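Inspection log for the structure reproduced underneath, given as structure tokens.
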């Protein structure tokens, strides 16, 4: 690891420490873990489950957006992604739609639990998410950085474990359906909204190839977890955690504002749109 990478991680560690110290100074009740995936409609794989997920995401995103909170970027991008899943699900031709619906709910739970644990200062937060949330709490990144750090943590860290959990529960998602998800992801249209509401520097043209690559790697890591013994599985899990954290640190390094600049203009623009 280069000296610059160590410096990046040190900066993020300082931001994380400051956020945790603030939480300690202002203790809050530990929120109940998100349990969307345990509701009856989600266990059944009914599309009403996705509506429930959307309602919860929308409730949270509205508050973040009103405050121009940098966490709003990923929250809204994820909300629009889930809305597109619901809109396209009946016609896309999944081999087992209920399994993909169950995945959608459990995937959302993973993010919401990490979000609540970080912002309440209570509970375990995966390192990749610690980096993403600490960066969003700072003035170091443009909106596209907040979005990419969120998607990176959610796909590279969370998704292998979500797929493994579903497999253990006897409700696995097939690789064919996993790959088919990329087709609806290509239809998600959120860049214009993020640029208009939060940060005019947000790129309007996106490239899904990196997301597709992350998703395929997540599947491969799920296969590693599935094939591992009880002895070797924790080692593989640790490797997944480390790789996701390293990716987060690299994204931060590549997407952060140049030295001497920060999110002041972006924040002022957002406040002016309210």
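Each value in this text was obtained by applying a stated rule to the coordinates, not by laboratory testing. This one's a predicted model, so the numbers in the text were calculated from it and none came from an experiment. Cβ coordinates were reconstructed from backbone atoms using ideal geometry, including for glycine residues, and neighbour counts include every protein chain displayed.
Can you compute the label reach from residue 168? Point 7 Å from Cα along the Cβ direction, backbone N cut-off under 13 Å, restricted to segment 212-227.
225-227
Quick check on packing: order 105-114, 34-43 by the mean number of other C-beta atoms within 10 Å, highest mean leading. Please report the intermediate quantities before stating the final value.
On the way: 105-114: 22.6, 34-43: 16.8.
My ranking of the peptides, most packed first, is 105-114, 34-43.
Compare the peptides 242-251, 257-266 by average per-residue count of other Cβ atoms within 10 angstrom and give them in order, highest first.
Numbers: 242-251: 20.1, 257-266: 12.7.
The packing order, highest mean first, is 242-251, 257-266.
Once fully extended, how much extra length lies between residue 185 and residue 67, figured as 0.36 nm per residue of separation less the alpha-carbon to alpha-carbon distance?
Numbers: separation 118, 0.36 × 118 = 42.48 nm, distance 2.76 nm.
39.7 nm is the gain from fully extending residue 185 to residue 67.
Mind pulling the angle between the C-alpha long axis of helix 233-255 and the longest principal axis of the chain? Nearest 10 degrees, somewhere in 0 to 90.
It is inclined by approximately 40 degrees.
Could you grab the relative contact order for the chain? Cα pairs under 8 Å, six or more apart, rounded to a whole percent. Before the final figure, lay out each step's value.
Details: 324 pairs, mean separation 70.1, N = 274.
Relative contact order here is 26 percent.
By average Cβ neighbour count within 10 Å, what is the ranking of 134-147, 187-200 from highest down? Mind showing how you got there, number by number?
Values: 134-147: 22.7, 187-200: 16.9.
Packing order, densest peptide first, comes out as 134-147, 187-200.
Calculate for the chain the 222 nm mean residue ellipticity that helices alone would give, adding -39,500 (n - 2.57) per DSSP H run of length 4 or more and normalising by residue count, nearest 500 deg cm²/dmol.
-23000 deg cm²/dmol
Quick one: angle between helix 264-273 and the longest Cα principal axis of the chain, in degrees between 0 and 90, rounded to 10, please.
Approximately 70 degrees, to the nearest ten.
Residue 250 to residue 175: FRET efficiency via 1/(1 + (r/R0)^6), r the Cβ-Cβ distance, R0 35 Å, to the nearest 0.05? Walk me through the numbers before you get to the answer.
Numbers: r = 27 Å, r/R0 = 0.78.
E(calc), rounded to 0.05, equals 0.80.
State the volume of the convex hull built on the alpha-carbon positions of segment 3-273, expressed per residue in Å³ and rounded to an integer.
Working: hull volume 36.6 nm³, N = 271.
Spelled out: Cα convex hull of segment 3-273, divided by residues, is 135 Å³.
Simple spin-label model, 7 Å along Cα-to-Cβ: residue 51 to residue 235 in nm?
Label-label distance for residue 51 and residue 235, simple model: 4.9 nm.
Using only Cα atoms, tell me the angle between helix 127-136 and the longest principal axis of the chain; keep it within 0 to 90° and round to the nearest 10.
40 degrees
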